[in-house]
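The values are calculated or read from the model by the stated rules, or taken from the named source; none is laboratory data. Since this is a predicted model, take the numbers as computed values, not measurements. Counting neighbours? That spans all protein chains shown, and the Cβs are built from the backbone with ideal geometry, glycine included. Each accessible area value is taken on the protein alone, full model and side chains, heavy atoms only, with ligands, DNA and RNA left out. Shrake-Rupley method; radii C 1.70, N 1.55, O 1.52, S 1.80 Å.
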Amino acid sequence: MTQVNVHQKTLILLMCISLFSLATQVQAVEEETQGSDRTNQFDMDTTSNDTNVRSIDEWSYAPIYEKGGFRAEKMLEAKVFGTQGAEIGDIKNILLDQKNQIVGVIAEVGGMWDSGDRHISVPWDEVVFSENGVEIPVQQDNVEEYDIFREFDEAYVSEQELERIKEVEEDVALGPRTWKITDVLHDYVRMKDGTDYGLITDALFAKDGVMQAIIIKPANTETGQGPRAYPFYGYPQGWRPGDRHYVLPFAREDIETLPVFEYEKYKSVWD
């Protein structure tokens, strides 16, 4: 009986040691995860607070009018031409990085090549403005090099499926924070105090692809009439693609004197 008791005690001791070791490992994992979560939260908070939102009193349309550029809505309607001048498709979306700089465009091309329409991504430095749209160095013999979905062995993805893709990290992305202009167009806008304000109807870009402003149309006369242009802070201000609404970092009293944006004063690259 004594030998049995010794074996039982030994077995119980080993079980206790195993349970203690397991508990220690679980606690270590939890602490590491919590630390990681705190670090991630710190990074997000730091990112959100690093940007100094300029006073609306320092914001002026004059430089935008003078420099000109192009509207996102117009780019999304632009025809695409190959290097030989033939129309090969149209623009479907605009890709930007976390600094709100265009890094590329998504185009639908290929119908005339008897290969079926497909979506491609073209780096911004390969896009050239033409009289009636944009020119890209894509042709039948190199279109596969630009196929945005070649990783999935699919030559064609419907526009509905394309809209569900929030980040495009192949081909032209500079990192995980690449986003599409359609992630913000037509989003609802609230002021920093939570007041509903309006709708983002357009975005303005300089010819080099730097975002100049977003255009917001107030929802009612209490918050103003006609479209107004505002600086877009995006990622540095805590915005993320897929957010239900965009928070304008101003209060109503800040924007009461902001004038209506006059499109006729904006010098388009296609004028």
Flag for E167 being modelled with pLDDT of 80 or more and open to solvent by 20 Å² or more (accessible area, probe 1.4 Å): no
Residue identified as open to solvent by 20 Å² or more (accessible area, probe 1.4 Å), out of contact with any Cys (no Cβ under 6 Å at 6 or more places or on another chain), hydrophobic (A, V, I, L, M, F, W, C) and modelled with pLDDT of 95 or more among A86, A62, A72: A62
Yes/no for N52 being surrounded by 10 or more Cβ atoms within 10 Å (Cβ to Cβ) and at pLDDT 50 or above: no
Residue list for region 222-263, restricted to those being in a helix (DSSP H, G or I) and among the basic types (K, R): R252
Pair list, Cβ < 8 Å and 6+ apart or interchain, from region 191-203 residues that are under 15 Å from P231 (Cα atoms) to residues that are loosely packed, with under 14 Cβ neighbours inside 10 Å and of a type in the set (A, V, I, L, M, F, W, C): M191/A251; K192/A251
